[in-house]
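Here the structure is laid out as structure tokens; the discussion comes afterwards.
None of the figures in this text is laboratory data; all of them are computed from the coordinates on show. Predicted model, so just to flag it, every value in this text is computed and none were measured. No Cβ is skipped: glycine too gets one built from the backbone with ideal geometry, and neighbour counts run over all protein chains shown.
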Amino acid sequence: MTTEERSISVEAARSGLAAKFIALFCLVAAATVSTATATDFQSLAEQGYRWVRVNGPYATPNKSDAPRLAGAKSAATDIELQDKAHAYFILPGMLVFVLENDTAAGLSRVRASGIVVDLWTETKYLSASPLKDSYGVTETPDSSGLGHLGTPTPAPSPEASAVPGASPILGISPH
């Protein structure tokens, strides 16, 4: 074997080793990234997020209408009941944020992405375990548009304005 053939053989061995090292590095990096970006669903549930179990007009802005929707045999097809109760459709896998629980009534007041009012629904329609939506995706606060809401805080009372002469509703000075 000539010197030239030996140097080609050594270079080929080194480039093969380098390729294996790069492949191993990429594999380890991919595994690390996938575990680092995994969603902690248990933590989301502890913060108050829930996934919807039902499909239909089972949420309403009025607390007193929520049991009527849940108890109706035909709420999904009763347009008059939906109209009177101002019913909103909730879908399986939809992520909501629980603002309040009325355990005696079995109701929860929730906030849902894209709906400007808070809704009341039966607590039994909500799951602390993640559920996939109709696309096979488990919604998270970021993917649903809810963002990380954290613990809800009560709105300040109008009398608590810190600025003299400020509007209690807008919190701005009239001048």
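In terms of Cα atoms, the Rg and Dmax of segment 81-139 work out to 12.0, 35 Å.
Were the residues from residue 84 through residue 128 laid out at 0.36 nm apart, the gain over their Cα-Cα distance would be 12.8 nm. Kirkwood radius and radius of gyration were both taken over the C-alpha atoms of segment 39-138, and their ratio Rg/Rh is 0.96.
Close amide-amide hydrogen proximity is noted between residue 99 and 109, 110, 111, each under 5 Å apart and 5 or more residues distant or on a separate chain (H modeled in the peptide plane; Pro and chain starts excluded). Distance between the 7 Å Cα→Cβ label points at residue 42 and residue 101: 1.8 nm.
In a fully extended conformation the segment linking residue 143 and residue 116 would gain 7.9 nm over its present Cα-Cα distance, using 0.36 nm per residue.
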